[in-house]
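Below is one structure, written out as C-alpha cells; comments come after it.
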Amino acid sequence: MDHLDGNGWSALHHAVDASSYSWRAMEAALVLVEQTPPHVINAHTTGSQPSGYTCLHFACDGSDKKLARAGLVDSMLRRGASVDSRDDKGNTAFLLASATGVTDVVEVLVHAGADVNVKNDRGLGCMQSAKRCSGSTTDRLLQAGVSPYGAWVPSVRQRTGEGDSESRQMRYIK
C-alpha cells in the first residue's frame, strides 16, 4: 500500500479522488485508508493536475453524494493525516472543504484542530469561499469563531449549474 506512481499517487489517492463520483471507489478508499501508512496518506502529488494534493486534500475537494466523506476524513486523521498540510497553491484541506461546502467535513476538520484562520497563497480564507457556495458551511464557520469580516473577493463567475463549479475551479487557481 505504499507504492506511488510517477505522479506521486498511491492507490488511496486514486480511490479518494474517484470517490466523489463512484460509491465503489468510496468503499475502496474506506478500506485502503486503514491499510495505508501515514507517510503515503501525507504524500503530495507531483503531477500537474492537481499539484501538491495529499489524500486528505482529495477527500475535502469534491462532492459527497453518499454522505461518507466525513467518515473518510476522520479515518485519515486517525491514521495520521496532516490536518494543515498545504498544496502547491497554499490550500489546506480545510480551505478546500470550506469551498466545496460539505459542512460535516468542515466540522470534522475543525474538531481535529485545523487552522480556521489560514489563507492560501492568494490571500483567500475559508469564509470567502464558503460564502460563495454554502450557507450552512458559512454558519458553521461562524460558530467555529471565524470572523465574518474579511476581504471579500468578488467571484469571477458565480455558479450557473453548468460546467465546473467555482469550488472545483479552486483546484486550478494559481
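The values are calculated or read from the model by the stated rules, or taken from the named source; none is laboratory data. Note that the structure is a prediction, hence the values are computed from the model and not measured. When we count neighbours, we look across all protein chains shown, and the Cβ atoms used for this are built from the backbone with ideal geometry, even at glycine. With ligands, DNA and RNA removed, areas are computed over all heavy atoms of the protein, side chains included. Shrake-Rupley method; radii C 1.70, N 1.55, O 1.52, S 1.80 Å.
Is there a residue in the range 54-71 that is among the β-branched types (Val, Ile, Thr), touching a Gly at 6+ places or on another chain (Cβ under 6 Å) and touching a residue at least 24 places away in the same chain (Cβ under 8 Å)?
No, there is no match, as no residue in the range 54-71 is among the β-branched types (Val, Ile, Thr), touching a Gly at 6+ places or on another chain (Cβ under 6 Å) and touching a residue at least 24 places away in the same chain (Cβ under 8 Å).
Mind listing whichever residues of the range 112-123 are surrounded by fewer than 22 Cβ atoms within 10 Å (Cβ to Cβ) and of a type outside the set (Lys, Arg)?
Once the filter is applied, which keeps residues that are surrounded by fewer than 22 Cβ atoms within 10 Å (Cβ to Cβ) and of a type outside the set (Lys, Arg), the range 112-123 yields Ala112, Gly113, Asp115, Val116, Asn117, Val118, Asn120, Asp121, Gly123.
How many residues are more than 15 Å from the chain's Cα centre (by Cα) and loosely packed, with under 14 Cβ neighbours inside 10 Å when one looks only at the range 38-64?
Adding up the residues that qualify gives 4.
Has the range 23-46 got at least one residue that is among the small types (Gly, Ala, Ser), closer than 20 Å to Gly90 by Cβ and modelled with pLDDT under 95?
No.
Given Leu77, Leu109, which one is surrounded by fewer than 23 Cβ atoms within 10 Å (Cβ to Cβ) and aliphatic (A, V, I, L, M)?
Leu77
Between Asp104, Asp84, which is out of contact with any Leu (no Cβ under 8 Å at 6 or more places or on another chain), open to solvent by 30 Å² or more (accessible area, probe 1.4 Å) and among the acidic types (Asp, Glu)?
Unique residue meeting the criteria: Asp84.
Let me confirm something: among Glu34, Glu27, which residue is outside any loop (DSSP other than H, G, I, E, B) and touching a residue at least 12 places away in the same chain (Cβ under 8 Å)?
Glu34
In the range 1-24, what residues are of a type outside the set (Asp, Glu), open to solvent by 10 Å² or more (accessible area, probe 1.4 Å) and outside any helix (DSSP H, G or I)?
Met1, His3, Leu4, Gly6, Asn7, Trp9, Ser19, Ser20, Tyr21, Ser22, listed by residue number.
Please determine, by comparing only the residues of the range 87-101 that are crowded, with 18+ Cβ neighbours inside 10 Å and small (Gly, Ala, Ser), which one is farthest from the chain's Cα centre (by Cα).
Across the range 87-101, the extreme among qualifying residues is Gly101.
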